[in-house]
């Protein structure tokens, strides 16, 4: 999992992906900066939907910027 998180952080720093945060049922999660995203991505609880729900955490999404339509 460490390799995946490192890759996501690297892609976010290169602005190849965006990191978004929001509740599971939120149709428009908010974008977060790479600085804000890194500790979220490093939080192992966010890799389990059961732990996210148990700890009332927002979901962390990664989105390929080539797929973003604004």
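The values are calculated or read from the model by the stated rules, or taken from the named source; none is laboratory data. Being a predicted model, the structure only gives us computed values, none of them experimental. With ideal geometry, Cβ positions are generated from the backbone for all residues, glycine too; neighbour counts draw on all protein chains shown.
Does segment 49-58 hold any residues that are surrounded by 12 or more Cβ atoms within 10 Å (Cβ to Cβ) and either in contact with a strand residue (DSSP E or B) (Cβ under 6 Å, 6 or more places away or on another chain) or part of a loop (DSSP other than H, G, I, E, B) (or both), and which are they?
Once the filter is applied, which keeps residues that are surrounded by 12 or more Cβ atoms within 10 Å (Cβ to Cβ) and either in contact with a strand residue (DSSP E or B) (Cβ under 6 Å, 6 or more places away or on another chain) or part of a loop (DSSP other than H, G, I, E, B) (or both), segment 49-58 yields 57, 58.
Could we say that residue 51 is without any contact (Cβ under 8 Å) to a residue 60 or more places away in the chain, more than 19 Å from residue 7 (Cβ to Cβ) and in contact with a helix residue (DSSP H, G or I) (Cβ under 7 Å, 6 or more places away or on another chain) here?
For residue 51, the condition - without any contact (Cβ under 8 Å) to a residue 60 or more places away in the chain, more than 19 Å from residue 7 (Cβ to Cβ) and in contact with a helix residue (DSSP H, G or I) (Cβ under 7 Å, 6 or more places away or on another chain) - is met.
Quick one: how many residues across segment 19-37 are over 12 Å from residue 62 (Cα atoms) and in a helix (DSSP H, G or I)?
2
Report yes if residue 46 is surrounded by 17 or more Cβ atoms within 10 Å (Cβ to Cβ), without any contact (Cβ under 8 Å) to a residue 24 or more places away in the chain and either at negative phi or in contact with a strand residue (DSSP E or B) (Cβ under 8 Å, 6 or more places away or on another chain) (or both), otherwise no.
When the stated conditions are applied, residue 46 passes them.
Looking only at segment 1-13, which residues are touching a residue at least 24 places away in the same chain (Cβ under 8 Å) and either part of a helix (DSSP H, G or I) or surrounded by 12 or more Cβ atoms within 10 Å (Cβ to Cβ) (or both)? Lay out the reasoning, then the answer.
Going residue by residue through segment 1-13, those that are touching a residue at least 24 places away in the same chain (Cβ under 8 Å) are 1, 5, 8-9, 11-12.
5, 8, 9, 11, 12 - these are the residues of segment 1-13 that are touching a residue at least 24 places away in the same chain (Cβ under 8 Å) and either part of a helix (DSSP H, G or I) or surrounded by 12 or more Cβ atoms within 10 Å (Cβ to Cβ) (or both).
What's the number of the condition residue 16 fails, among (1) buried (at least 16 other Cβ atoms within 10 Å of the Cβ); (2) modelled with pLDDT of 90 or more; (3) under 22 Å from residue 2 (Cβ atoms)?
(1) is the only condition that residue 16 fails.
Got a number for residues in segment 59-70 being out of contact with any helix residue (DSSP H, G or I) (no Cβ under 7 Å at 6 or more places or on another chain) and either farther than 16 Å from residue 20 by Cβ or in a strand (DSSP E or B) (or both)? Can you show your working first?
From segment 59-70, those out of contact with any helix residue (DSSP H, G or I) (no Cβ under 7 Å at 6 or more places or on another chain) are 61, 63-70; that's our starting set.
If we keep only those that are either farther than 16 Å from residue 20 by Cβ or in a strand (DSSP E or B) (or both) too, we end up with 61, 63-64.
The qualifying residues number 3.
Answer yes or no: is there a residue in segment 60-68 that is over 10 Å from the mean Cα position of the chain (by Cα) and within 20 Å of residue 2 (Cβ to Cβ).
No; the residues of segment 60-68 include none that is over 10 Å from the mean Cα position of the chain (by Cα) and within 20 Å of residue 2 (Cβ to Cβ).
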